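I have placed the structure first, in the form of structure tokens, so that the comments after it can refer back to it.
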Amino acid sequence: MSYNTFGHLFRVTTWGESHGPALGATVDGTPPGIALDPAMLQHWLDKRRPGQNKNTTQRNEPDAVEILSGVYEGRSTGTPIQLMIRNTDQRSKDYGDILQTFRPGHADITYHQKYGLRDPRGGGRSSARETAARVAAGGIARAALDHLVPSIEIKGYMVQMGEKTIDRERFDWGAIDQNDFWCPDATAAKDWEDYLTWLRKDDHNSVGAMIEVVARNVPAGLGAPIYGKLDTDLAAAMMSINAVKGVEIGEGMAAAALTGRDNADEIFMGPDGPDYSSNHAGGILGGISTGQDIVVRFAVKPTSSILSPRKSIRLDGSPTEVITKGRHDPCVGIRAVPVGEAMMACVVLDHLLRDRGQTGGTRGAIG
């Protein structure tokens, strides 16, 4: 069985390992006639690319994407698009000491328990390196969305690093692209910089993060009841990202502390259709988009590869201590931001195509 594909009409299959010769994605279901070239996809890959600053892994990969099929004279043909990203700066020797050892917090032990073998070089398929292929595929989804519904905007940012959170009163969309953390609070970003430097240099440790992704101007009516819910697919897409341990839509877990009066988004008739007093639902009701901002948050665990010794066992069951060498992100959440954006784009496009196929884009009249 294959579990490397997601999506229904817009389908993405990723392939490759962290230290193999290349990785990539096969993207099927892209509408024909979409303007596409490698530079358009590279723009998004450069946001995720490692080695760009001291706050991310120093593995220096250009992440140059190649389009091998499905595009002719700069436009999608409607046939499968094959994307490839070559690995050029892998250091497999860094993992020689753990060939017979399971790293705490990693998928080493579960891969071995399931398959009876594993690729120890950088985690193989379980490495966050796999997400480069998703970002490339997300670039195709963005291009298709821009062609079909040009008003849709997708933006991700970090709202928390460890116990440090942003101040929503200082939220500035313009600040997101002005710091290493994709942080909308410039004051918090400076604090995070100092904290992460100490964590990396002095404490030899790592830290988790919370990322928020917003899709604006998504038309009402995307998604379907029960098993085809938009929020179901968004949650699955974000949870599938390596190192993600929790997903929220709208108010999320905090909704458990609200009363019905507080949680209900009141509805009013506006000049262009329904308006809402608030957005506790995160832009989705009954699995179907309302036309409000779609708001998704996901929690990323701390990077498990750290220089502090942790107790574990070897393949033969004997006890040991593990210090993971190599080049790793002190906060993998930083580079998860463009990955979350890519997954949002893929899911929204998939549901847009599914809705066109089922309803033809017709909508119930209000007012």
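The values are calculated or read from the model by the stated rules, or taken from the named source; none is laboratory data. The structure presented is a predicted model; accordingly, all values stated were derived computationally and were not measured. Backbone-built Cβ (ideal geometry, glycine too); neighbour counts: all protein chains shown. Quick note on the areas: whole protein, heavy atoms, side chains included, nothing else; ligands and nucleic acids left out. Shrake-Rupley method; radii C 1.70, N 1.55, O 1.52, S 1.80 Å.
Express the relative contact order of the stretch 143-286 as a whole percentage, based on alpha carbon pairs under 8 Å and six or more residues apart in sequence.
About 19 percent, as a whole number.
Per residue, how large is the accessible surface of the chain? Use a 1.4 angstrom probe and give square angstrom.
Details: 17390 Å² over 367 residues.
About 47 Å² of surface per residue is accessible.
Suppose accessible area is computed on protein heavy atoms with a 1.4 Å probe; arrange 276, 72 from highest to lowest.
So the residues, ranked largest to smallest area, are 72, 276.
Given Cα pairs under 8 Å that are at least 6 residues apart, what percent is the relative contact order of the chain? Can you show the working numbers first?
On the way: 766 pairs, mean separation 79.6, N = 367.
Answer for the chain is 22 percent.
Quick check: the distance between the Cα centres of the stretch 159-195 and the stretch 6-36, to the nearest angstrom?
32 Å
Whenever you get a sec, line up 19, 204 from highest to lowest accessible area (probe 1.4 Å, protein heavy atoms).
Highest to lowest solvent-accessible surface, that is 204, 19.
Which one of 136, 211, 192 has its Cα pushed farthest toward the positive end of the charge dipole of the chain, where Lys and Arg give +1 and Asp and Glu give -1 at the Cβ?
Of the candidates, 136 comes out farthest on the positive side.
Using a Gaussian network model on the chain with a 10 Å cutoff between Cα atoms, which of 159, 135, 149 fluctuates the most?
Largest GNM mean-square fluctuation: 149.
Counting DSSP beta bridges with both partners in the chain, what percentage is antiparallel, nearest 5?
So the antiparallel bridges in the chain amount to around 100 percent.
Where the only charges are on Cβ atoms (+1 Lys, Arg; -1 Asp, Glu), what is the dipole of the stretch 259-367 about its Cα centre, to the nearest 20 debye?
Result for the stretch 259-367 is approximately 740 debye, rounded to the nearest 20.
In units of 2.2 N^0.38 Å, what is the alpha-carbon radius of gyration of the stretch 142-196?
With N residues counted in the stretch 142-196, Rg over 2.2 N^0.38 Å equals 1.38.
Please list the equivalent ellipsoid semi-axes of the stretch 186-334, computed as the square roots of five times the alpha-carbon gyration tensor eigenvalues, in descending order and whole angstrom.
Semi-axes from the Cα gyration tensor: 40, 19, 13 Å.
Picking from 123, 238, 162, whose Cα lies most toward the positive end of the charge dipole for the chain (charges on Cβ: Lys, Arg +1; Asp, Glu -1)?
Going by the charge dipole, the pick is 123.
Compute a Gaussian network model of the chain, connecting alpha carbons closer than 10 Å, and tell me which residue from 333, 78, 138 fluctuates the most.
78
Out of the stretch 137-199, which GluC sites (Glu not before Pro) are coil in DSSP terms and have no more than 10 other C-beta atoms within 10 Å?
Sites meeting the loop and neighbour criteria: 163.
Can you run phi through the Karplus equation (6.51, -1.76, 1.60; θ = phi - 60°) for the stretch 167-181 and list ³J(HN,Hα) in whole Hz, with x for Gly and Pro?
The phi angles translate into 9, 4, 5, 9, 4, 9, 4, x, 7, 4, 8, 9, 8, 6, 10 Hz.
Given H placed 1.01 Å from N in the peptide plane, which residues other than close sequence neighbours of residue 22 have an amide H under 5 Å from its amide H?
17, 87
If the only charges are +1 at each Lys and Arg Cβ and -1 at each Asp and Glu Cβ, what is the size of the charge dipole of the chain around the Cα centre, to the nearest 20 debye?
Details: 40 positive and 45 negative charges, 258 e Å.
It comes to approximately 1240 debye.
Under 1.5 on a/c is rounded, so check that first for the stretch 247-294, then, if it is not, pick prolate when a/b is larger than b/c and oblate when it is not; a ≥ b ≥ c are the square roots of the alpha carbon gyration tensor eigenvalues.
Since a/c reaches 1.5 but b/c is at least a/b, the shape of the stretch 247-294 is classed as oblate.
Is any helix in the chain, taking whole DSSP H runs, at least 20 angstrom long along its axis by alpha carbon and on average at least -1.0 on the Kyte-Doolittle scale, and which ones? Before the final figure, lay out the partial values.
Numbers: long enough: 131-148 (25 Å, 0.65); 186-201 (23 Å, -0.89); 333-359 (39 Å, 0.38).
Answer set is 131-148, 186-201, 333-359.
Taking H as built 1.01 Å from N, whose amide H comes closer than 5 Å to the amide H of residue 220, not counting residues under 5 places away?
The list, which skips near neighbours in sequence, is 291.
For the chain, what size does the Cα cloud have along each of its three principal axes, sorted from largest down, in whole Å?
70, 50, 38
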